[in-house]
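The values are calculated or read from the model by the stated rules, or taken from the named source; none is laboratory data. What you see is a predicted model; the values in this text were computed from it and never measured. When we count neighbours, we look across all protein chains shown, and the Cβ atoms used for this are built from the backbone with ideal geometry, even at glycine.
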Amino acid sequence: MPGETDPVNYLLPQQAFHPCLIPDSTKFTSVHRSTNPSEFSLGGQLFLGTSGQNVDDYMSYLPPVNNPAEESVQRLDVLESMLRFGHIAPTAPDTLASYPFSMTDPFVMKEWPNLFFAGNQPSFSTKVVMEGTSSVRIITVPSFSRTREVVFVNIRTLEPQVLSIEISL
(Lines give C-alpha, C1' and ligand atoms only; values in the text may rest on other atoms or scores of the structure.)
Protein backbone atom coordinates (compact mmCIF):
# COMPACT_ATOMS: atom_id res chain seq x y z
CA MET A 1 0.00 0.00 0.00
CA PRO A 2 1.47 3.37 -0.95
CA GLY A 3 1.86 6.20 1.51
CA GLU A 4 2.38 9.92 1.60
CA THR A 5 6.00 9.94 0.39
CA ASP A 6 5.87 7.05 -2.09
CA PRO A 7 6.26 7.45 -5.88
CA VAL A 8 2.55 7.38 -6.68
CA ASN A 9 -0.07 10.08 -7.07
CA TYR A 10 -0.29 12.38 -4.03
CA LEU A 11 -4.08 12.75 -3.93
CA LEU A 12 -6.23 10.13 -2.23
CA PRO A 13 -7.25 7.58 -3.28
CA GLN A 14 -3.70 6.63 -4.21
CA GLN A 15 -3.12 4.07 -6.91
CA ALA A 16 -1.13 0.90 -6.27
CA PHE A 17 2.59 0.86 -6.99
CA HIS A 18 3.29 0.42 -10.68
CA PRO A 19 4.79 -3.05 -11.35
CA CYS A 20 7.93 -1.50 -12.84
CA LEU A 21 8.79 -0.08 -9.38
CA ILE A 22 8.96 -3.54 -7.83
CA PRO A 23 9.65 -5.86 -10.79
CA ASP A 24 11.19 -8.75 -8.85
CA SER A 25 8.39 -8.77 -6.27
CA THR A 26 5.54 -8.82 -8.76
CA LYS A 27 6.74 -12.19 -10.07
CA PHE A 28 5.34 -13.80 -6.92
CA THR A 29 1.63 -14.61 -6.66
CA SER A 30 1.83 -13.86 -2.93
CA VAL A 31 2.53 -10.15 -3.61
CA HIS A 32 -0.60 -8.04 -3.94
CA ARG A 33 -0.24 -4.39 -4.82
CA SER A 34 -3.05 -2.31 -3.30
CA THR A 35 -4.48 1.16 -3.37
CA ASN A 36 -4.65 3.58 -0.45
CA PRO A 37 -7.19 3.23 1.07
CA SER A 38 -7.61 -0.47 0.52
CA GLU A 39 -10.43 -2.90 1.27
CA PHE A 40 -10.00 -6.64 0.89
CA SER A 41 -11.28 -9.98 2.15
CA LEU A 42 -8.99 -12.58 3.59
CA GLY A 43 -10.04 -15.77 5.34
CA GLY A 44 -13.65 -14.64 5.42
CA GLN A 45 -12.74 -11.38 7.18
CA LEU A 46 -13.19 -7.90 5.71
CA PHE A 47 -10.17 -5.61 6.13
CA LEU A 48 -10.13 -1.85 5.55
CA GLY A 49 -7.03 0.26 5.91
CA THR A 50 -5.09 3.33 4.97
CA SER A 51 -1.48 4.44 5.06
CA GLY A 52 -2.41 6.87 7.81
CA GLN A 53 -2.67 10.26 6.10
CA ASN A 54 -6.34 10.43 7.11
CA VAL A 55 -5.51 9.94 10.80
CA ASP A 56 -2.59 12.39 10.72
CA ASP A 57 -4.76 15.07 9.11
CA TYR A 58 -7.62 14.54 11.57
CA MET A 59 -5.12 14.76 14.45
CA SER A 60 -4.17 18.27 13.30
CA TYR A 61 -7.65 19.42 14.41
CA LEU A 62 -7.24 18.08 17.95
CA PRO A 63 -5.36 19.66 20.84
CA PRO A 64 -1.82 18.33 21.17
CA VAL A 65 -1.20 15.68 23.83
CA ASN A 66 1.71 15.54 26.23
CA ASN A 67 2.83 11.93 26.07
CA PRO A 68 2.99 9.02 23.61
CA ALA A 69 0.48 6.88 25.54
CA GLU A 70 -2.16 9.62 25.34
CA GLU A 71 -1.43 10.08 21.64
CA SER A 72 -1.94 6.35 21.00
CA VAL A 73 -5.33 6.47 22.70
CA GLN A 74 -6.25 9.61 20.76
CA ARG A 75 -5.31 7.98 17.43
CA LEU A 76 -7.47 4.95 18.27
CA ASP A 77 -10.32 7.33 19.11
CA VAL A 78 -9.87 9.02 15.73
CA LEU A 79 -10.15 5.67 13.96
CA GLU A 80 -13.21 4.81 16.03
CA SER A 81 -14.79 8.15 15.11
CA MET A 82 -14.17 7.48 11.41
CA LEU A 83 -15.75 4.06 11.83
CA ARG A 84 -18.83 5.51 13.54
CA PHE A 85 -19.04 8.37 10.98
CA GLY A 86 -18.90 5.73 8.26
CA HIS A 87 -16.28 7.83 6.50
CA ILE A 88 -12.59 6.98 6.08
CA ALA A 89 -11.44 10.54 5.31
CA PRO A 90 -13.76 13.10 6.91
CA THR A 91 -11.31 15.98 6.33
CA ALA A 92 -11.01 15.35 2.57
CA PRO A 93 -10.86 17.29 0.34
CA ASP A 94 -10.66 20.36 2.63
CA THR A 95 -7.30 19.68 4.26
CA LEU A 96 -6.54 16.13 3.15
CA ALA A 97 -5.55 16.09 -0.51
CA SER A 98 -8.02 14.03 -2.55
CA TYR A 99 -9.62 13.96 -5.93
CA PRO A 100 -12.72 16.17 -6.06
CA PHE A 101 -15.54 13.65 -6.54
CA SER A 102 -18.90 15.15 -7.42
CA MET A 103 -21.30 12.23 -7.77
CA THR A 104 -20.01 9.68 -5.26
CA ASP A 105 -17.67 9.65 -2.30
CA PRO A 106 -15.27 6.67 -2.37
CA PHE A 107 -14.41 7.22 1.29
CA VAL A 108 -17.89 6.34 2.57
CA MET A 109 -18.00 2.91 4.22
CA LYS A 110 -20.67 0.67 2.77
CA GLU A 111 -20.33 -1.74 5.67
CA TRP A 112 -18.22 -2.09 8.78
CA PRO A 113 -15.07 -4.14 8.27
CA ASN A 114 -13.90 -6.79 10.71
CA LEU A 115 -10.56 -4.99 10.99
CA PHE A 116 -9.87 -1.27 10.40
CA PHE A 117 -6.25 -0.09 10.41
CA ALA A 118 -4.04 2.91 9.76
CA GLY A 119 -0.36 2.57 8.94
CA ASN A 120 2.62 4.85 9.51
CA GLN A 121 1.55 5.70 13.04
CA PRO A 122 3.95 6.60 15.87
CA SER A 123 3.23 3.40 17.79
CA PHE A 124 1.16 0.22 17.90
CA SER A 125 -2.21 0.32 19.62
CA THR A 126 -5.43 -1.63 19.31
CA LYS A 127 -8.93 -1.94 20.65
CA VAL A 128 -12.23 -3.57 19.76
CA VAL A 129 -15.24 -1.40 19.00
CA MET A 130 -18.67 -2.93 19.66
CA GLU A 131 -21.92 -1.82 18.04
CA GLY A 132 -24.87 -4.10 18.69
CA THR A 133 -23.77 -7.56 17.60
CA SER A 134 -20.96 -6.22 15.40
CA SER A 135 -17.38 -5.80 16.51
CA VAL A 136 -14.44 -4.22 14.72
CA ARG A 137 -10.78 -4.58 15.65
CA ILE A 138 -9.00 -1.21 15.23
CA ILE A 139 -5.22 -1.14 14.89
CA THR A 140 -2.66 1.63 14.54
CA VAL A 141 0.28 0.10 12.70
CA PRO A 142 3.60 1.72 13.61
CA SER A 143 5.90 3.16 10.97
CA PHE A 144 8.50 0.47 10.35
CA SER A 145 11.20 2.98 9.40
CA ARG A 146 10.85 4.70 12.81
CA THR A 147 10.03 1.80 15.13
CA ARG A 148 11.35 -1.37 13.42
CA GLU A 149 8.06 -3.04 14.40
CA VAL A 150 5.81 -5.26 12.28
CA VAL A 151 2.22 -6.17 13.16
CA PHE A 152 0.91 -9.65 12.43
CA VAL A 153 -2.80 -10.43 12.69
CA ASN A 154 -4.31 -13.86 13.29
CA ILE A 155 -6.88 -14.11 10.48
CA ARG A 156 -9.29 -16.27 12.52
CA THR A 157 -9.29 -14.30 15.79
CA LEU A 158 -8.06 -10.89 14.53
CA GLU A 159 -5.67 -10.82 17.48
CA PRO A 160 -2.62 -8.72 16.63
CA GLN A 161 0.96 -9.49 17.59
CA VAL A 162 3.88 -7.08 17.31
CA LEU A 163 7.32 -8.23 16.22
CA SER A 164 10.27 -5.93 16.93
CA ILE A 165 13.26 -6.29 14.64
CA GLU A 166 16.68 -5.35 15.95
CA ILE A 167 19.15 -4.16 13.34
CA SER A 168 22.75 -3.39 14.18
CA LEU A 169 24.75 -1.57 11.56
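Quick look at the numbers
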quantity	calculated
Where a residue in segment 45-66 is farther than 18 Å from Pro90 by Cβ and its partner, wherever it lies, is part of a strand (DSSP E or B), with Cβ under 6 Å and at least six apart	Phe47/Phe40; Phe47/Leu115
Test: residue in segment 123-137 that is aliphatic (A, V, I, L, M) and within 17 Å of Gly3 (Cβ to Cβ)	no
Meets criteria (at pLDDT below 95 and not β-branched (Val, Ile, Thr)) for Leu21	yes
Subset tally (residues that are more than 18 Å from Lys110 (Cβ to Cβ), charged (D, E, K, R) and under 16 Å from the mean Cα position of the chain (by Cα)) for segment 1-46	3
Residue tally, condition surrounded by fewer than 15 Cβ atoms within 10 Å (Cβ to Cβ) and either hydrophobic (A, V, I, L, M, F, W, C) or assigned to a loop (DSSP other than H, G, I, E, B) (or both), over segment 27-58	9
Hey, Val136 free of Cβ contacts under 8 Å to residues at least 24 places away in the same chain and in contact with a helix residue (DSSP H, G or I) (Cβ under 7 Å, 6 or more places away or on another chain) or not	no
